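Asks: I am attaching a structure below and will ask some questions about it afterwards.
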Amino acid sequence: EDGASVRVVMGHAVEHVEVLREADRETAERLQCFLPPKTISLDPEELRRRRSSVCRWLHKNRVPVEEDGNELRVAGALTIKAPYGPEDCCSSNQIILDRIQRLIQVQPDPHSETDPSRTGITSSN
């Protein structure tokens, strides 16, 4: 509107950055859309539960996955980092990336699954 423009430069091409002047409030708000979304902080126990849940889901769908520290490695071609959502997948193979992201998106909520120990239902064999 006011003649301003934005030029996006890939990170590997940046050699030097110099701040000429601080952005005013309006400009800073406009540029927020270029920043990655803020992630919520999860405690280590919740991250462990999410990692285990995604790992079980992938195994259930016959996807080879192994835990490597805090990351999940899928078929040696994809990495899933905390907090283990579809947007946390990284791979140079676009087909694998797309399939695993879609699989994680349709993962049922582990808290909504019926668990007899939580419902009080017992088996009388």
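A short reminder: the numbers here are calculations on the coordinates, not readings from a lab. Remember, predicted model here, so these are calculated numbers, not experimental data. Counting neighbours? That spans all protein chains shown, and the Cβs are built from the backbone with ideal geometry, glycine included.
Asks: For the stretch 1-87, take the convex hull of the Cα atoms, compute a quarter of its surface area, and give me that in nm², please.
Replies: So the Cα hull casts an average projection of 9.5 nm².
Asks: While we're on this one: How far apart, in nm, are the 7 Å Cα→Cβ label points at Val106 and His12?
Replies: Once both label points are built, they end up 3.4 nm from each other.
Asks: Further, regarding this structure: Thinking of the stretch 61-103 as a set of Cα atoms, what percent of all their pairs are more than 16 Å apart?
Replies: Taking all Cα-Cα pairs of the stretch 61-103, the fraction more than 16 Å apart is 23 percent.
Asks: What list of ³J(HN,Hα) couplings, whole Hz, do you get for the stretch 74-83 from phi and the Karplus terms 6.51, -1.76, 1.60, once you set θ to phi - 60° and write x for glycine and proline?
Replies: Per residue, the Karplus-derived 3J(HN,Hα) values read 10, 6, x, 10, 8, 10, 10, 9, 4, x Hz.
Asks: With a sphere of radius 13 Å drawn around the Cβ of Ala82, what net charge do the other residues whose Cβ falls strictly inside it have (Lys, Arg +1; Asp, Glu -1)?
Replies: Numbers: positive: Arg48, Arg49, Arg50, Arg51, Lys81; negative: Asp43, Glu45, Glu46, Glu67, Asp68, Glu71, Glu87, Asp88.
So the surrounding residues net to -3.
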